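The values are calculated or read from the model by the stated rules, or taken from the named source; none is laboratory data. Just so it is clear, the model here is predicted, and its values are computed rather than measured. All Cβ positions, glycine included, derive from the backbone under ideal geometry; neighbour counts span all protein chains shown.
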Amino acid sequence: MNAQKVSFIVCTDSESAFHECEIYINQLEIPDGFVVNVLPIRGANSMAEGYNAGMLQTDAKYKVYLHQDALILNRHFLLDTIAIFREYPQIGMIGMVGTKQLHKNGCIWSNPMRTGALRSHLITTSDEYFDIPIPEGRDFTTVEAIDGLLMMTDQDFLWRSDLFTGWDFYDLAQCREFLRAGYRIAVPYQETPWVLHDSGAQNLKDYHTYRKTYLEEYCPDNQVEIDACTRFIATQAETSPQMAAGKNTAVDTLLSLIQEKRYEEALHFTQENLSQNQDNELFCILTVFLQINQQEKEADIHEVFIPLESGEQTADWLPLHYQRICRYLWRTENKLPETYQQEGQAYFTRWHVSKTARDRIRILCLPE
(Lines give C-alpha, C1' and ligand atoms only; values in the text may rest on other atoms or scores of the structure.)
Protein backbone atom coordinates (compact mmCIF):
# COMPACT_ATOMS: atom_id res chain seq x y z
CA MET A 1 0.00 0.00 0.00
CA ASN A 2 1.08 3.58 -0.66
CA ALA A 3 1.78 5.09 2.79
CA GLN A 4 1.72 8.62 1.31
CA LYS A 5 -1.76 8.43 -0.14
CA VAL A 6 -5.32 9.01 1.14
CA SER A 7 -8.45 7.95 -0.74
CA PHE A 8 -11.91 9.24 0.15
CA ILE A 9 -14.47 6.59 -0.80
CA VAL A 10 -18.05 7.86 -1.11
CA CYS A 11 -21.10 5.81 -2.11
CA THR A 12 -23.43 8.24 -3.82
CA ASP A 13 -26.83 8.38 -5.46
CA SER A 14 -26.99 12.19 -5.51
CA GLU A 15 -24.61 14.24 -7.62
CA SER A 16 -25.47 17.43 -5.72
CA ALA A 17 -24.73 15.81 -2.34
CA PHE A 18 -21.48 14.31 -3.62
CA HIS A 19 -20.44 17.66 -5.12
CA GLU A 20 -20.94 19.40 -1.77
CA CYS A 21 -19.05 16.66 0.07
CA GLU A 22 -16.14 16.95 -2.39
CA ILE A 23 -15.98 20.74 -2.02
CA TYR A 24 -15.16 20.34 1.68
CA ILE A 25 -12.63 17.56 1.00
CA ASN A 26 -10.87 19.92 -1.39
CA GLN A 27 -10.45 22.50 1.40
CA LEU A 28 -8.42 20.11 3.59
CA GLU A 29 -4.75 20.74 4.25
CA ILE A 30 -2.75 17.94 2.66
CA PRO A 31 0.26 16.61 4.60
CA ASP A 32 3.62 17.18 2.93
CA GLY A 33 4.41 14.53 0.37
CA PHE A 34 0.89 13.08 0.35
CA VAL A 35 -1.48 12.50 -2.54
CA VAL A 36 -5.26 12.66 -2.03
CA ASN A 37 -8.03 11.43 -4.32
CA VAL A 38 -11.80 11.02 -4.15
CA LEU A 39 -13.52 7.87 -5.40
CA PRO A 40 -17.28 8.19 -5.93
CA ILE A 41 -19.00 4.80 -6.03
CA ARG A 42 -22.23 4.95 -8.01
CA GLY A 43 -24.86 2.28 -8.38
CA ALA A 44 -23.83 0.15 -5.40
CA ASN A 45 -26.44 -2.29 -4.13
CA SER A 46 -25.27 -1.86 -0.55
CA MET A 47 -22.82 0.22 1.44
CA ALA A 48 -20.56 -2.79 2.05
CA GLU A 49 -20.54 -3.68 -1.66
CA GLY A 50 -19.69 -0.09 -2.60
CA TYR A 51 -16.95 0.22 -0.02
CA ASN A 52 -15.36 -3.05 -1.16
CA ALA A 53 -15.36 -1.72 -4.73
CA GLY A 54 -13.68 1.49 -3.60
CA MET A 55 -11.15 -0.32 -1.42
CA LEU A 56 -10.06 -2.51 -4.34
CA GLN A 57 -9.67 0.49 -6.66
CA THR A 58 -6.94 2.22 -4.66
CA ASP A 59 -3.52 1.44 -3.24
CA ALA A 60 -3.85 4.16 -0.58
CA LYS A 61 -2.84 3.10 2.92
CA TYR A 62 -5.31 5.58 4.41
CA LYS A 63 -8.93 5.32 3.33
CA VAL A 64 -11.79 7.53 4.47
CA TYR A 65 -15.17 5.85 3.99
CA LEU A 66 -17.53 8.81 4.01
CA HIS A 67 -21.28 9.35 3.68
CA GLN A 68 -22.19 11.62 0.78
CA ASP A 69 -23.99 13.92 3.21
CA ALA A 70 -21.01 14.33 5.57
CA LEU A 71 -19.06 17.59 5.32
CA ILE A 72 -15.59 17.69 6.90
CA LEU A 73 -15.23 21.02 8.70
CA ASN A 74 -11.80 20.50 10.29
CA ARG A 75 -9.30 21.56 7.65
CA HIS A 76 -6.52 19.82 9.60
CA PHE A 77 -8.48 16.56 9.52
CA LEU A 78 -5.81 14.61 7.62
CA LEU A 79 -2.95 15.94 9.72
CA ASP A 80 -4.79 15.09 12.94
CA THR A 81 -5.91 11.58 11.99
CA ILE A 82 -2.72 10.43 10.28
CA ALA A 83 -0.75 11.56 13.35
CA ILE A 84 -2.86 9.18 15.48
CA PHE A 85 -2.35 6.27 13.13
CA ARG A 86 1.40 6.84 12.98
CA GLU A 87 1.92 7.28 16.71
CA TYR A 88 -0.37 4.42 17.73
CA PRO A 89 0.04 1.49 15.29
CA GLN A 90 -2.49 -0.57 17.24
CA ILE A 91 -5.22 1.82 16.05
CA GLY A 92 -6.73 0.50 12.82
CA MET A 93 -9.83 2.66 12.50
CA ILE A 94 -10.92 6.19 13.46
CA GLY A 95 -14.44 7.64 13.61
CA MET A 96 -16.07 10.84 14.80
CA VAL A 97 -18.62 9.35 17.20
CA GLY A 98 -18.90 5.96 18.80
CA THR A 99 -19.71 3.98 21.89
CA LYS A 100 -17.39 2.74 24.61
CA GLN A 101 -19.63 -0.29 25.05
CA LEU A 102 -22.15 -1.60 22.57
CA HIS A 103 -25.55 -2.42 24.06
CA LYS A 104 -26.50 -6.08 24.12
CA ASN A 105 -29.30 -5.34 21.63
CA GLY A 106 -26.73 -4.33 19.00
CA CYS A 107 -27.88 -0.67 18.78
CA ILE A 108 -24.96 1.73 18.89
CA TRP A 109 -26.88 4.50 20.68
CA SER A 110 -28.78 2.49 23.32
CA ASN A 111 -26.21 2.74 26.13
CA PRO A 112 -25.25 6.05 27.81
CA MET A 113 -21.69 5.20 26.73
CA ARG A 114 -21.47 7.40 23.64
CA THR A 115 -18.47 9.60 22.99
CA GLY A 116 -17.15 11.99 20.35
CA ALA A 117 -18.57 15.09 18.70
CA LEU A 118 -20.75 15.81 15.70
CA ARG A 119 -22.72 18.63 14.15
CA SER A 120 -25.88 16.95 12.94
CA HIS A 121 -28.59 18.47 10.79
CA LEU A 122 -32.18 17.26 10.83
CA ILE A 123 -34.36 20.38 10.50
CA THR A 124 -32.44 21.79 13.46
CA THR A 125 -28.67 21.70 13.84
CA SER A 126 -27.02 20.86 17.12
CA ASP A 127 -23.45 20.35 18.21
CA GLU A 128 -23.44 17.09 20.11
CA TYR A 129 -20.74 15.91 22.50
CA PHE A 130 -22.60 12.85 23.76
CA ASP A 131 -22.34 11.09 27.10
CA ILE A 132 -18.66 10.56 27.88
CA PRO A 133 -16.37 13.51 27.17
CA ILE A 134 -12.87 12.93 25.87
CA PRO A 135 -10.58 14.84 28.26
CA GLU A 136 -8.78 17.79 26.73
CA GLY A 137 -5.14 16.89 26.28
CA ARG A 138 -5.87 13.32 25.17
CA ASP A 139 -5.53 12.58 21.48
CA PHE A 140 -8.39 10.08 21.45
CA THR A 141 -10.40 7.51 23.35
CA THR A 142 -10.87 3.89 22.30
CA VAL A 143 -14.34 2.55 21.59
CA GLU A 144 -16.09 -0.68 20.69
CA ALA A 145 -17.88 0.74 17.66
CA ILE A 146 -18.19 3.92 15.61
CA ASP A 147 -20.97 5.37 13.48
CA GLY A 148 -20.60 4.86 9.73
CA LEU A 149 -20.90 8.52 8.74
CA LEU A 150 -17.07 8.59 8.62
CA MET A 151 -14.77 5.60 9.07
CA MET A 152 -11.04 6.09 8.37
CA THR A 153 -8.71 3.09 8.22
CA ASP A 154 -5.05 2.30 7.72
CA GLN A 155 -5.68 -1.44 7.27
CA ASP A 156 -7.76 -3.32 4.70
CA PHE A 157 -10.35 -5.93 5.58
CA LEU A 158 -13.21 -6.82 3.26
CA TRP A 159 -16.56 -5.34 4.25
CA ARG A 160 -19.16 -8.01 4.98
CA SER A 161 -21.17 -7.59 1.80
CA ASP A 162 -22.09 -11.28 2.09
CA LEU A 163 -24.29 -10.50 5.10
CA PHE A 164 -25.11 -6.80 4.96
CA THR A 165 -26.77 -6.28 1.60
CA GLY A 166 -28.39 -2.94 2.45
CA TRP A 167 -27.49 0.28 4.24
CA ASP A 168 -27.52 -0.65 7.93
CA PHE A 169 -25.08 -2.35 10.32
CA TYR A 170 -22.28 -2.50 7.72
CA ASP A 171 -20.41 -0.11 10.03
CA LEU A 172 -20.77 -2.14 13.24
CA ALA A 173 -19.84 -5.30 11.37
CA GLN A 174 -16.64 -3.69 10.07
CA CYS A 175 -15.78 -2.53 13.59
CA ARG A 176 -16.14 -6.11 14.79
CA GLU A 177 -13.91 -7.36 11.96
CA PHE A 178 -11.17 -4.93 13.00
CA LEU A 179 -11.48 -5.96 16.64
CA ARG A 180 -11.35 -9.63 15.65
CA ALA A 181 -8.08 -8.92 13.83
CA GLY A 182 -6.58 -7.38 16.96
CA TYR A 183 -6.85 -3.69 16.08
CA ARG A 184 -8.36 -0.93 18.20
CA ILE A 185 -10.84 1.76 17.20
CA ALA A 186 -10.42 5.41 18.17
CA VAL A 187 -12.55 8.55 18.41
CA PRO A 188 -10.34 11.67 18.50
CA TYR A 189 -10.70 14.59 20.86
CA GLN A 190 -12.57 17.41 19.09
CA GLU A 191 -12.79 20.84 20.67
CA THR A 192 -15.52 21.57 18.12
CA PRO A 193 -17.10 18.98 15.81
CA TRP A 194 -14.90 18.01 12.89
CA VAL A 195 -17.83 16.91 10.71
CA LEU A 196 -21.32 18.14 9.84
CA HIS A 197 -23.72 15.31 9.01
CA ASP A 198 -26.61 16.52 6.86
CA SER A 199 -28.41 13.29 7.53
CA GLY A 200 -32.03 14.19 6.92
CA ALA A 201 -34.74 11.72 7.86
CA GLN A 202 -33.50 8.25 8.69
CA ASN A 203 -34.86 5.32 6.70
CA LEU A 204 -35.13 2.54 9.27
CA LYS A 205 -37.19 0.17 7.15
CA ASP A 206 -34.54 -2.58 7.16
CA TYR A 207 -32.63 -1.51 10.28
CA HIS A 208 -33.90 -4.27 12.55
CA THR A 209 -33.55 -6.94 9.87
CA TYR A 210 -29.82 -6.21 9.70
CA ARG A 211 -29.65 -5.84 13.48
CA LYS A 212 -30.80 -9.44 13.68
CA THR A 213 -28.17 -10.43 11.11
CA TYR A 214 -25.51 -8.66 13.17
CA LEU A 215 -26.55 -10.38 16.38
CA GLU A 216 -26.64 -13.80 14.75
CA GLU A 217 -23.14 -13.34 13.30
CA TYR A 218 -21.32 -11.60 16.14
CA CYS A 219 -23.42 -12.40 19.24
CA PRO A 220 -24.83 -15.88 18.53
CA ASP A 221 -25.13 -16.72 22.24
CA ASN A 222 -27.45 -13.76 22.81
CA GLN A 223 -30.60 -15.68 21.91
CA VAL A 224 -32.81 -13.47 24.08
CA GLU A 225 -32.04 -10.39 21.97
CA ILE A 226 -32.18 -12.32 18.72
CA ASP A 227 -35.68 -13.56 19.60
CA ALA A 228 -36.73 -10.07 20.69
CA CYS A 229 -35.50 -8.69 17.38
CA THR A 230 -37.47 -11.33 15.47
CA ARG A 231 -40.67 -10.36 17.31
CA PHE A 232 -40.04 -6.66 16.70
CA ILE A 233 -39.58 -7.23 12.96
CA ALA A 234 -42.89 -9.10 12.81
CA THR A 235 -44.70 -6.29 14.65
CA GLN A 236 -43.05 -3.67 12.45
CA ALA A 237 -44.23 -5.46 9.31
CA GLU A 238 -47.82 -5.18 10.55
CA THR A 239 -47.77 -1.53 11.64
CA SER A 240 -45.38 0.20 9.20
CA PRO A 241 -47.78 0.36 6.21
CA GLN A 242 -50.47 2.10 8.27
CA MET A 243 -47.97 4.59 9.73
CA ALA A 244 -46.54 5.35 6.29
CA ALA A 245 -50.02 5.88 4.87
CA GLY A 246 -50.82 8.41 7.61
CA LYS A 247 -47.64 10.38 6.96
CA ASN A 248 -48.20 10.40 3.21
CA THR A 249 -51.77 11.65 3.62
CA ALA A 250 -50.66 14.61 5.76
CA VAL A 251 -47.90 15.56 3.33
CA ASP A 252 -50.14 15.19 0.28
CA THR A 253 -52.74 17.46 1.87
CA LEU A 254 -50.12 20.07 2.67
CA LEU A 255 -48.58 19.95 -0.83
CA SER A 256 -52.00 20.43 -2.39
CA LEU A 257 -52.87 23.40 -0.19
CA ILE A 258 -49.55 25.11 -1.00
CA GLN A 259 -49.85 24.41 -4.72
CA GLU A 260 -53.35 25.90 -4.67
CA LYS A 261 -51.98 29.04 -2.87
CA ARG A 262 -54.18 28.39 0.16
CA TYR A 263 -51.33 29.41 2.44
CA GLU A 264 -53.29 30.45 5.51
CA GLU A 265 -55.29 27.24 5.42
CA ALA A 266 -52.07 25.26 4.98
CA LEU A 267 -50.42 27.00 7.94
CA HIS A 268 -53.48 26.24 10.07
CA PHE A 269 -53.27 22.60 8.95
CA THR A 270 -49.64 22.39 10.12
CA GLN A 271 -50.56 23.86 13.49
CA GLU A 272 -53.21 21.17 13.94
CA ASN A 273 -51.06 18.27 12.71
CA LEU A 274 -47.42 19.07 13.50
CA SER A 275 -47.38 17.18 16.81
CA GLN A 276 -48.30 13.94 15.00
CA ASN A 277 -45.78 14.59 12.21
CA GLN A 278 -42.70 15.86 14.04
CA ASP A 279 -40.67 12.92 12.77
CA ASN A 280 -41.84 13.53 9.20
CA GLU A 281 -39.05 15.61 7.68
CA LEU A 282 -41.00 16.61 4.58
CA PHE A 283 -43.95 17.83 6.64
CA CYS A 284 -41.61 19.87 8.85
CA ILE A 285 -39.81 21.47 5.89
CA LEU A 286 -43.10 22.51 4.31
CA THR A 287 -44.09 23.98 7.67
CA VAL A 288 -40.91 26.08 7.69
CA PHE A 289 -41.74 27.63 4.31
CA LEU A 290 -45.28 28.42 5.42
CA GLN A 291 -43.88 30.12 8.52
CA ILE A 292 -41.50 32.12 6.32
CA ASN A 293 -44.44 33.15 4.14
CA GLN A 294 -46.27 34.39 7.23
CA GLN A 295 -43.20 36.36 8.40
CA GLU A 296 -42.78 37.88 4.94
CA LYS A 297 -46.45 38.84 4.88
CA GLU A 298 -46.06 40.63 8.21
CA ALA A 299 -43.05 42.50 6.75
CA ASP A 300 -45.10 43.41 3.66
CA ILE A 301 -42.96 41.36 1.28
CA HIS A 302 -43.83 38.35 -0.82
CA GLU A 303 -40.91 36.26 -2.06
CA VAL A 304 -40.84 32.71 -0.78
CA PHE A 305 -43.53 31.20 -3.04
CA ILE A 306 -42.80 33.20 -6.22
CA PRO A 307 -41.06 30.19 -7.90
CA LEU A 308 -44.28 28.21 -7.41
CA GLU A 309 -46.65 30.98 -8.44
CA SER A 310 -44.64 31.69 -11.60
CA GLY A 311 -44.93 28.04 -12.59
CA GLU A 312 -41.16 27.49 -12.58
CA GLN A 313 -41.40 25.02 -9.69
CA THR A 314 -44.00 22.96 -7.87
CA ALA A 315 -44.47 22.51 -4.13
CA ASP A 316 -42.61 19.18 -4.06
CA TRP A 317 -39.45 21.12 -5.02
CA LEU A 318 -39.38 22.86 -1.64
CA PRO A 319 -37.46 20.15 0.32
CA LEU A 320 -34.61 20.28 -2.22
CA HIS A 321 -34.77 24.08 -2.08
CA TYR A 322 -34.45 23.99 1.72
CA GLN A 323 -31.46 21.66 1.47
CA ARG A 324 -29.69 23.95 -0.99
CA ILE A 325 -30.29 27.04 1.13
CA CYS A 326 -28.74 25.23 4.11
CA ARG A 327 -25.70 24.23 2.07
CA TYR A 328 -25.09 27.77 0.89
CA LEU A 329 -25.44 29.13 4.43
CA TRP A 330 -22.92 26.53 5.64
CA ARG A 331 -20.46 27.64 2.95
CA THR A 332 -20.55 31.15 4.37
CA GLU A 333 -20.44 29.98 8.00
CA ASN A 334 -17.40 27.81 7.29
CA LYS A 335 -15.64 30.51 5.26
CA LEU A 336 -15.30 28.58 2.05
CA PRO A 337 -13.61 30.42 -0.87
CA GLU A 338 -15.49 33.42 -2.21
CA THR A 339 -16.43 31.63 -5.44
CA TYR A 340 -18.51 29.12 -3.50
CA GLN A 341 -20.15 31.83 -1.44
CA GLN A 342 -21.01 33.80 -4.57
CA GLU A 343 -22.83 30.74 -5.92
CA GLY A 344 -25.05 31.00 -2.87
CA GLN A 345 -25.79 34.66 -3.42
CA ALA A 346 -26.68 33.97 -7.03
CA TYR A 347 -29.00 31.16 -5.94
CA PHE A 348 -30.72 33.36 -3.36
CA THR A 349 -31.34 36.01 -6.00
CA ARG A 350 -32.49 33.54 -8.65
CA TRP A 351 -35.04 31.83 -6.39
CA HIS A 352 -36.23 34.81 -4.33
CA VAL A 353 -34.70 33.73 -1.00
CA SER A 354 -35.29 36.85 1.07
CA LYS A 355 -33.29 37.91 4.09
CA THR A 356 -36.33 36.90 6.15
CA ALA A 357 -36.11 33.38 4.71
CA ARG A 358 -32.34 33.17 5.19
CA ASP A 359 -32.58 34.35 8.78
CA ARG A 360 -35.31 31.82 9.57
CA ILE A 361 -33.44 28.89 8.01
CA ARG A 362 -30.14 30.03 9.53
CA ILE A 363 -31.67 29.49 12.97
CA LEU A 364 -32.52 25.91 11.99
CA CYS A 365 -29.31 24.87 10.24
CA LEU A 366 -26.57 26.71 12.14
CA PRO A 367 -25.54 26.32 15.79
CA GLU A 368 -26.32 29.12 18.21
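Couple of notes before you dig in:
- Any hit, the range 166-176, residues being buried (at least 22 other Cβ atoms within 10 Å of the Cβ), not in a helix (DSSP H, G or I) and not basic (Lys, Arg): yes
- Residues that are among the β-branched types (Val, Ile, Thr) and surrounded by 21 or more Cβ atoms within 10 Å (Cβ to Cβ) occur at least once in the range 131-143.
- Residue within the range 140-148 that is without any contact (Cβ under 8 Å) to a residue 40 or more places away in the chain, more than 25 Å from Cys21 (Cα to Cα) and of a type outside the set (A, V, I, L, M, F, W, C) present: no
- Residue in the range 22-40 that is of a type in the set (Phe, Trp, Tyr) and either touching a Phe, Trp or Tyr at 6+ places or on another chain (Cβ under 6 Å) or under 23 Å from Trp330 (Cα atoms) (or both) present: yes
- Residue check for Tyr65: in contact (Cβ under 8 Å) with a residue 24 or more places away in the chain, part of a strand (DSSP E or B) and hydroxyl-bearing (Ser, Thr, Tyr): yes
- Residue within the range 202-218 that is loosely packed, with under 14 Cβ neighbours inside 10 Å and either touching a strand residue (DSSP E or B) at 6+ places or on another chain (Cβ under 6 Å) or modelled with pLDDT of 90 or more (or both) present: no
- Number of positions in the range 88-147 that are among the basic types (Lys, Arg), more than 25 Å from Lys212 (Cα to Cα) and part of a loop (DSSP other than H, G, I, E, B): 1
- Unmet criterion (only one of (1) crowded, with 17+ Cβ neighbours inside 10 Å; (2) without any contact (Cβ under 8 Å) to a residue 24 or more places away in the chain) for Ile292: (2)
- Residues of the range 285-319 that are under 25 Å from the mean Cα position of the chain (by Cα) and not β-branched (Val, Ile, Thr): Leu286, Phe289, Ala315, Asp316, Trp317, Leu318, Pro319.
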